[in-house]
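Enquirer: Dropping the structure in here first, questions after.
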Amino acid sequence: PCNSYLRKLLLPLSKVFHSELTAKISALKMASMFDSSSDDSASTHLSAMLTEILWFAAGLVIVRLVLPRLTKQSPGKKRLHVSKPEEGKKRTASQAMCVDAAARRYKAVVEAWHRDKDAGPMSVECLQAVTQALVAEEPGSALEELLTHLTRFQKHLARLSVLHAIMEALLQTNQPGLAAELAEAVSQLVPCSSKDSKTRELWLLASAAEGRWDAVQTALQESKEAKCEGAAASAVRGFLKGNHTGLALNQMLELKRQDMKVPTKALTTLLRDVAEHKAELDIPKVLAALEDVPLPLEAITVALVDCLAREDSKTAAQLERRLRELPMSYTAMEPLLKLAAKADEEHALELFQEMKDNSFYLSEGLCGFLLSRAGEAQNLKLVEEVQKYLKSKGMRSLAIYKTLMKVYATSNLLEQACDLYEELQADGLKPDRVMYGCLVKFAVKCGRNDLCNKLFEEIEGGDVQNYMWLIRAAGQAGDMPRTLLLFEKLKSINSDGVDAAIYNNVLDACLSNGAVAEAEQLVQEMRQKRLMTLVTYNTLMKGLCGKQQLDQARALIPEMRSCGLEPDCASFNCLISAAVAENNFTVAWDIFDEMEALGLKPDHYTLSILMKTARKSKCSNDVQRAMALLDRSHISVCSDEVLLNTVVDACIHRKDYSRLKHVLVSFYNSELKPSVQSYGLLIKAWSCLKKPQKCKDLWKEMTVTRGLKPNDVTMSCMLDALVCDGKVEEAAELLKDWQQSVQPNTIVYSTLIKGFASKGDSKRALEIYHQVKEHGLKM
């Protein structure tokens, strides 16, 4: 092989020499032909040529004679000769084992191992693959198999690099403790392993993964590496690897006690494991323990994401203080903003502005998420700010408009939801059928009949749901011809789609507008088609109660039961409400007793209706029975806004201030977001309890925090609270501030006149009186 290699090397050199020799001979010939005086030059060239020939010959002798003698084997040494086919076969087998291990075909790896393990020492990569396979397939004998192979081929494998590779492979398996056992077992094969720092760190990592706290601490104490951050850090990583988060936290605190640096990556892993519920700890407890340990940005981000998932604003505030000590990061600010969007609107507005000032790109997805969370809490100021940002960036897609519509609908701001239609068209977008249906529904609810008709024309009628809402809109507008026309049109284009719900809708429109003949015809048609439902009977009851025909309405109860239909709470609520409206409280309680006799429990609508008896009845028994029913119902007063209003109004009227205070405390502990009307009643309640600051707080919450516009009733309640507190001038200033946006009524001016008159300020009282005259109001 050596001679073959040298021939390949010298062949091109000989060709170069031959070409140079030829060139020099040609130069001699040319010189002798053209210049007779060039003898000296020719002899010079000839001398140089002979010198090169001699050097080439010397080199050839060395290659041919000297080198072969030097490469001959010594008589006492036997050279291990492996043929090329055998060597390639062995290399191919090793590669196949590595490939099978990577594909988790461990059974094939183990079979190859038992076949080839005695043939010779395996490569480091192959040993790592075999280690994983043995632990997976033969865990009981894995360590023994590896030790036997290392011992047999000790000369080739008794090296630290091989030991480290196998230990690292064992640490990747589900039995990391085997790595520690291996390190202890090979101490005789690799004597220097006990003093090697990396081996020590791998042993600590493996022992910690097994949760061997005492063994780890003893090793750190006995070894000179007790003050070595690398060894202690390996222990921390080991505890985390074995999901021993409590031990990992204790080891971190031990590092801190010894003034060592806690691994930043380990801190992040610890908080991530806790956030993913892999430990018995929780984020607040861990943060409290690590109060004096600086947290990296990634760890803070992990904890903030967990706070968002748990709606934990308190812990998030603590993390934000730590975050402010680091450079601002979008990844950390994002979960903080998302959390504040629902929990703290003012702080969310500050964070939102801060992110804009730092030129962070707020994506459409993030803004949509903020709108959704702000809508859940009815944080409308944040909603408007996010919407302005999206509009300025041209990012108001159809999905954003849908989210905004949902936000306004949740906040009962149906006018604003309808106004989105024109903005959507201005942006060149077109609603889909679902959005069209929502718009029709909102337009019906807020009386926007013009928009209903426009939408109906655009979608050419649409589906059955759209027809139903349009029929309801026509009925509310008192347009019976249009109601019946829409009904007939729907039957002509989709007769199968006309179900009981559509009939009930048309029946309700007929009864509400006095179309008795049409209603009777509908009922007859429904009986023939067997479409009479519980809703149908409830609708008939509602129509009869609206005409003060309570007895006929009550007669429907036995009729529906004879048809196999059982009345529900809505059935009795309609009858009770009609009796209370007629001030017939005895009948109202009789109907309620009948309801309970059928096993029906009162709902919050029932309580709201009966609480009116406490407000209207002059009989103390009615009042006591209503209050007793409220107490034993176990229904939260704050579960429904209407119920809250009726209870508060009844308490104010009956001057039951102890119960009123209890109700108001319950309101502050609830998540109910009151409407403008409810704010007025709550302000009036606190005024009755002589708590003017509470009245001011509610006014600020309504107008500033939530951005709601007060109406004349709420304004009169707030002015009355200020006047009763002797703050008449402040009340007058408040009216002046809101006079342009809130049209004052007679009660508003009367309240101020009463206030100035009680202070003896007739001049100001007359000024207010002249304002009443200027506005054309009658006292």
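The values are calculated or read from the model by the stated rules, or taken from the named source; none is laboratory data. This is a predicted model, so every value here is computed, not measured. Note: ideal-geometry Cβ built from the backbone for every residue, glycine included; neighbour counts use all protein chains shown. Accessible surface areas use protein heavy atoms only, side chains included; no ligands, DNA or RNA. Shrake-Rupley method; radii C 1.70, N 1.55, O 1.52, S 1.80 Å.
Enquirer: Among the numbered conditions (1) within 28 Å of residue 328 (Cβ to Cβ); (2) assigned to a loop (DSSP other than H, G, I, E, B), tell me where residue 285 comes up short.
Expert: All conditions are met except number (2).
Enquirer: If I go through the stretch 210-232 residue by residue, how many of them are modelled with pLDDT of 60 or more, of a type in the set (Asp, Glu) and surrounded by 14 or more Cβ atoms within 10 Å (Cβ to Cβ)?
Expert: Narrowing the stretch 210-232 to residues modelled with pLDDT of 60 or more: 210-223, 230-232.
Checking which are of a type in the set (Asp, Glu) leaves us with 210, 214, 222.
Subsequent filtering for residues that are surrounded by 14 or more Cβ atoms within 10 Å (Cβ to Cβ) retains 210.
Looking only at that region, the number is 1.
Enquirer: Please go through the stretch 344-371 and pick out each residue that is in a helix (DSSP H, G or I), open to solvent by less than 50 Å² (accessible area, probe 1.4 Å) and not acidic (Asp, Glu). Before you say what the answer is, go through the steps one by one.
Expert: Initially, the stretch 344-371 is screened for residues in a helix (DSSP H, G or I), giving 345-357, 364-371.
Narrowing further to those that are open to solvent by less than 50 Å² (accessible area, probe 1.4 Å): 345, 347-349, 351-352, 354-355, 366-368, 370-371.
Listed by number, the residues that qualify are 347, 348, 349, 351, 352, 355, 366, 367, 368, 370, 371.
Enquirer: Quick one: count up the residues across the stretch 145-204 that are open to solvent by less than 20 Å² (accessible area, probe 1.4 Å) and of a type in the set (Val, Ile, Thr).
Expert: So the count comes out to 5.
Enquirer: Taking residue 575 as meeting all but one of (1) in contact with a Lys or Arg (Cβ under 8 Å, 6 or more places away or on another chain); (2) over 29 Å from residue 524 (Cβ atoms); (3) assigned to a helix (DSSP H, G or I), write down the number of the exception.
Expert: (2)
Enquirer: Taking the condition of being crowded, with 19+ Cβ neighbours inside 10 Å and either over 16 Å from the mean Cα position of the chain (by Cα) or without any contact (Cβ under 8 Å) to a residue 12 or more places away in the chain (or both), how many residues in the stretch 323-343 meet it?
Expert: 1
Enquirer: Which condition number in (1) surrounded by fewer than 20 Cβ atoms within 10 Å (Cβ to Cβ); (2) within 25 Å of residue 346 (Cβ to Cβ); (3) of a type outside the set (D, E, K, R) is the one that residue 769 fails?
Expert: The one condition residue 769 does not meet is (2).
Enquirer: Evaluate the following for residue 501: is it over 30 Å from residue 523 (Cβ atoms), among the aliphatic types (A, V, I, L, M) and either part of a helix (DSSP H, G or I) or open to solvent by less than 20 Å² (accessible area, probe 1.4 Å) (or both)? Talk me through it step by step, then tell me what you get.
Expert: Values: over 30 Å from residue 523 (Cβ atoms): no; among the aliphatic types (A, V, I, L, M): yes; either part of a helix (DSSP H, G or I) or open to solvent by less than 20 Å² (accessible area, probe 1.4 Å) (or both): yes.
Against the criterion (over 30 Å from residue 523 (Cβ atoms), among the aliphatic types (A, V, I, L, M) and either part of a helix (DSSP H, G or I) or open to solvent by less than 20 Å² (accessible area, probe 1.4 Å) (or both)), residue 501 does not qualify.
Enquirer: Would the stretch 300-309 turn up any residue that is assigned to a loop (DSSP other than H, G, I, E, B), over 17 Å from residue 352 (Cβ atoms) and not small (Gly, Ala, Ser)?
Expert: First pass over the stretch 300-309, keeping only residues assigned to a loop (DSSP other than H, G, I, E, B): none.
No, the stretch 300-309 contains no residue that is assigned to a loop (DSSP other than H, G, I, E, B), over 17 Å from residue 352 (Cβ atoms) and not small (Gly, Ala, Ser).
Enquirer: Any chance you could count how many residues in the stretch 251-264 are under 28 Å from residue 178 (Cβ atoms), open to solvent by 20 Å² or more (accessible area, probe 1.4 Å) and touching a residue at least 24 places away in the same chain (Cβ under 8 Å)?
Expert: Residues flagged as under 28 Å from residue 178 (Cβ atoms), open to solvent by 20 Å² or more (accessible area, probe 1.4 Å) and touching a residue at least 24 places away in the same chain (Cβ under 8 Å) within the stretch 251-264 amount to 1.
Enquirer: Filter the stretch 657-676 down to the residues that are charged (D, E, K, R) and at pLDDT below 90, then identify the one that is least open to solvent (accessible area, probe 1.4 Å).
Expert: 673
Enquirer: Output the helices (runs of 4 or more DSSP H) that fall wholly within the stretch 711-764 and possess 2 or more residues being among the acidic types (Asp, Glu), closer than 20 Å to residue 692 by Cβ and open to solvent by 40 Å² or more (accessible area, probe 1.4 Å), or say none. Break it down into steps so the answer makes sense when it comes.
Expert: Values: elements: 712-724, 728-738, 746-758.
So the answer is 728-738.
Enquirer: Okay, moving on. Is the stretch 504-514 home to any residue that is hydrophobic (A, V, I, L, M, F, W, C), open to solvent by 10 Å² or more (accessible area, probe 1.4 Å) and over 46 Å from the mean Cα position of the chain (by Cα)?
Expert: The answer is yes, given that some residue of the stretch 504-514 is hydrophobic (A, V, I, L, M, F, W, C), open to solvent by 10 Å² or more (accessible area, probe 1.4 Å) and over 46 Å from the mean Cα position of the chain (by Cα).
Enquirer: Could you figure out which of (1) touching a helix residue (DSSP H, G or I) at 6+ places or on another chain (Cβ under 8 Å); (2) modelled with pLDDT under 90; (3) not in a helix (DSSP H, G or I) isn't true of residue 514?
Expert: (1)
Enquirer: Take residue 606 and decide whether it is among the polar types (S, T, N, Q) and at pLDDT 90 or above.
Expert: Yes: the conditions hold for residue 606.
Enquirer: Here's a follow-up. Please work out if residue 612 is of a type outside the set (S, T, N, Q) and farther than 24 Å from residue 649 by Cα.
Expert: Values: of a type outside the set (S, T, N, Q): yes; farther than 24 Å from residue 649 by Cα: no.
It is false that residue 612 is of a type outside the set (S, T, N, Q) and farther than 24 Å from residue 649 by Cα.
Enquirer: What's the number of the only condition in (1) open to solvent by less than 20 Å² (accessible area, probe 1.4 Å); (2) of a type outside the set (Phe, Trp, Tyr); (3) in contact with a Leu (Cβ under 7 Å, 6 or more places away or on another chain) that residue 637 fails to meet?
Expert: (1)
Enquirer: Any residue in the stretch 403-425 that is over 18 Å from residue 456 (Cβ atoms) sitting within a Cβ distance under 6 Å of a residue that is among the polar types (S, T, N, Q)? List the pairs, counting only those 6 or more apart or interchain.
Expert: Sorted first by the residue in the stretch 403-425, then by its partner, the pairs are 403/372; 408/416; 411/378.
Enquirer: So which helices (runs of 4 or more DSSP H) stay within the stretch 375-460 end to end and still have 3 or more residues that are open to solvent by less than 10 Å² (accessible area, probe 1.4 Å) and farther than 27 Å from residue 473 by Cα? Working first, answer last.
Expert: Details: elements: 380-393, 398-410, 414-426, 433-445, 449-458.
It comes to 380-393.
Enquirer: So, one more: What pairs come out if I take residues in the stretch 526-545 that are open to solvent by 20 Å² or more (accessible area, probe 1.4 Å) and pair them with residues that are not hydrophobic (A, V, I, L, M, F, W, C) whose C-beta lies under 6 Å away, six or more apart or interchain?
Expert: Listed by first residue and then by second, the contacts come to 531/503; 535/504; 538/571; 544/552.
Enquirer: So residue 140 fits all but one of (1) open to solvent by 10 Å² or more (accessible area, probe 1.4 Å); (2) at pLDDT below 85; (3) not hydroxyl-bearing (Ser, Thr, Tyr); what number is the exception?
Expert: (2)
Enquirer: Sort out for me the helices (runs of 4 or more DSSP H) sitting completely within the stretch 584-645 that have 3 or more residues that are of a type in the set (Val, Ile, Thr). First the steps, then the outcome.
Expert: Details: elements: 585-597, 604-616, 620-632.
In the stretch 584-645, the matching helices (runs of 4 or more DSSP H) lie at 585-597, 604-616.
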